[in-house]
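Here the structure comes first, spelled out in structure tokens, and everything after it is commentary.
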Amino acid sequence: MPAGNDYTVDEIMAVCIARRLSDEATVAQGIATPLVAAGYLLAKLMHAPNLRFASAIGQGICQDWAPLGLARTEALWLDKALTTVGFITVAADLLPRLHPIEYLRPAQIDAQGNFNNLAIGEDYWHPRMRLPGSGGIPDVSVVYNDMHLYVPRHSRAVFVARVDVVSGLGHSPARRRGRGPVYLLSDLGQFDWVDGRLRLFACHPGVTVERVVAKTGCELLIASDLAETPPPTAEELRLLREEIDPLGLRKLETLGGAARKALLREILAQEGAL
Amino acid sequence: MAVDRLVSLAEAAQTVHDGQTLALGGMTLYRRPVAFVRALLRRPDRPVGLTLLNFTAGYESDLLVGAGCIARTRTCYFGLEAFGLAPMFTEAATRGQVAVIEETEASLAMGIRAALSAVGFMPSRAWIGTDLPRLRPDVKTIIDPYSGEELMAFPAIPCDVAVIHALVADRQGNARLNRNLAIDCELAYLAGTVIVTAEEVVDRLTEDVDIAAPLTTMVAHAPRGAWPTSCHPLYPVAGGELLRYIDACASGEFDRYVQDFLKE
């Protein structure tokens, strides 16, 4: 779905991720989050040459980069790593020490910013659908001060009044350390939290407040000075399309069903891995 | 004369017994011991009631769940990354046919560190405030005797057999992995039986060894033994094969897929 005339929704999302990152930041890259990786690499090439990446694949820290790959993703996260330390050290030592900026993707989220990646359905023990699991979210979300979230397909199925299970901790009275998420990016706009309540502060170009509200199933505040996300520049689009992600992996996160499968096959064919 | 630990894959697969905890090395779609899984499923008496231990579980683990070998999964992620859900796990876990021991990166890391330190638990700030403690009533909390803070006491994680796929190993059991280490080096200390499968077996490795011979129980030669998962830099993820697997499961053809898989 094009968000405007000459760029797509994955591209404005990658641009939003990139623009928030400062030079010398350390960012973390989870599993199957190519849209986030595209944003990180865009920041590195635009304004943050000293950005460093901690990655789940390879469990190391990179400062150099390579274009995004699907079947050949290890050519980036292994071959470009400064060091690789294994997952035990990452989970027990590296993440608690470095508190990298990481974009986490909820399957469900509520207005407080509590989120769920474990199972859908009111009864966890008899779910409607089991999800892959929570990775390190219950570990980092209870201590981080600067948690970022993203939702590539904004819908009432994701933004719910009450999450079925809390695996990611939001602005909850149960919190002892850190704070709830500070920023959420979706395909419709940008959000933050005011006094622990979800607030829309910018719509992407062409998106109305009414549409965001209609697609949000939880309480939503609207900023009095609601802004419009500045569109991608020609140079940002060139870097994304030609340098960072010529195969188009970033689009996988905003597509579903047959379109997504077709893109997977197209990418694999170009990588010689079909 | 040095001990020769080289065995066939079929012999290595005989070491797994009903009800044991089996750990598979690598992560999700990378350097998974697929050839070992094939050897396990070729056994006329396939093991049942296994607890499957992974940092992240993918295709190789989904085959074992679909084949009915697994009673419990113990991982922080079970899926096929960008390719989608792990079909047999998703169905079995949704229906309650396999028990999910809910783990996270920290509970696995601290549980393994506890086992390696020969203590019953490791304390951590993870989980507190989330629903995870409710989903794992067996995991207790402890009061830090110095600060008074309540912490999770992640229990030591036991493991009977670990299988790790290597780029190259020697006959004594020295093995070289790649940089996507996952928890393989720790698994080699954790498990009672450590099986190394390797793309190539040589007489003697003398440097850059990730798993040293005294930790290894058996070595088996398994060329392309991680396929269709990757074995970087030798081969990438065979994405087309993963899509064929997903399509086969979606159309109820898991058993036929496994028949073909076992012929290879």
Of all the residues that make up segment A:78-124, how many are farther than 23 Å from A:V212 by Cβ and open to solvent by less than 10 Å² (accessible area, probe 1.4 Å)?
-> 8
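Quick grid of which residues meet (1) touching a residue at least 40 places away in the same chain (Cβ under 8 Å); (2) out of contact with any Cys (no Cβ under 6 Å at 6 or more places or on another chain); (3) aliphatic (A, V, I, L, M); (4) open to solvent by less than 10 Å² (accessible area, probe 1.4 Å):
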site	(1), (2), (3), (4)
A:G168	yes, yes, no, yes
A:R175	no, yes, no, no
A:L185	yes, no, yes, yes
A:F191	no, yes, no, yes
Yes or no: B:E91 assigned by TED's automatic domain parsing to the domain that holds B:R42, open to solvent by 30 Å² or more (accessible area, probe 1.4 Å) and charged (D, E, K, R)?
-> yes
Does any residue in segment A:62-91 that is closer than 25 Å to A:R265 by Cβ and within 7 Å of chain B (Cβ to nearest Cβ) come within less than 6 Å, Cβ to Cβ, of a residue that is of a type in the set (D, E) and open to solvent by 10 Å² or more (accessible area, probe 1.4 Å) six or more places away or on a different chain, and which pairs are these?
-> A:A71/A:E271; A:R72/A:E271
Need at least 3 residues that are more than 25 Å from B:R32 (Cβ to Cβ) per element, so show me which strands (runs of 3 or more DSSP E) inside segment B:63-169 make the cut, counting only ones lying wholly within it.
-> B:121-124, B:140-143, B:150-155
Of the residues that sit in segment B:190-232 and are surrounded by 14 or more Cβ atoms within 10 Å (Cβ to Cβ) and charged (D, E, K, R), which one is farthest from the chain's Cα centre (by Cα)?
-> B:E200
Quick one: is B:A238 within 14 Å of chain A (Cβ to nearest Cβ), out of contact with any Lys or Arg (no Cβ under 8 Å at 6 or more places or on another chain), open to solvent by 40 Å² or more (accessible area, probe 1.4 Å) and modelled with pLDDT of 95 or more?
-> no
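Here's the yes/no breakdown for (1) outside any loop (DSSP other than H, G, I, E, B); (2) closer than 30 Å to A:L220 by Cα:
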{"site": "A:F53", "(1), (2)": "yes, no"}
{"site": "A:G58", "(1), (2)": "no, no"}
{"site": "A:G69", "(1), (2)": "no, no"}
{"site": "A:L76", "(1), (2)": "yes, no"}
{"site": "A:L82", "(1), (2)": "yes, no"}
{"site": "A:A92", "(1), (2)": "yes, no"}
{"site": "A:R97", "(1), (2)": "yes, no"}
{"site": "A:D123", "(1), (2)": "no, yes"}
{"site": "A:S134", "(1), (2)": "no, yes"}
Going through (1) more than 12 Å from chain B (Cβ to nearest Cβ); (2) more than 18 Å from A:T229 (Cβ to Cβ) one by one, A:Y150 fails only at (2)
Name, by its number, the condition in (1) surrounded by 24 or more Cβ atoms within 10 Å (Cβ to Cβ); (2) modelled with pLDDT of 95 or more; (3) at the interface with chain B (Cβ under 7 Å from one of its Cβ atoms); (4) within 21 Å of A:A54 (Cα to Cα) that does not hold for A:V143.
-> (1)
Return the residue satisfying two criteria in turn: it lies in segment B:133-188 and is of a type in the set (D, E, K, R) and under 21 Å from B:D210 (Cβ atoms), and of such residues it is surrounded by the most Cβ atoms within 10 Å (Cβ to Cβ).
-> B:D184
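The values are calculated or read from the model by the stated rules, or taken from the named source; none is laboratory data. Since the model is a prediction, treat every value here as computed from it, not as a measurement. Please note: Cβ atoms are built from the backbone with ideal geometry, for glycine as well, and neighbour counts cover all protein chains shown. Ligands, DNA and RNA are stripped out before the accessible areas are found, and what is left, the full protein with its side chains, is counted by its heavy atoms. Shrake-Rupley method; radii C 1.70, N 1.55, O 1.52, S 1.80 Å.
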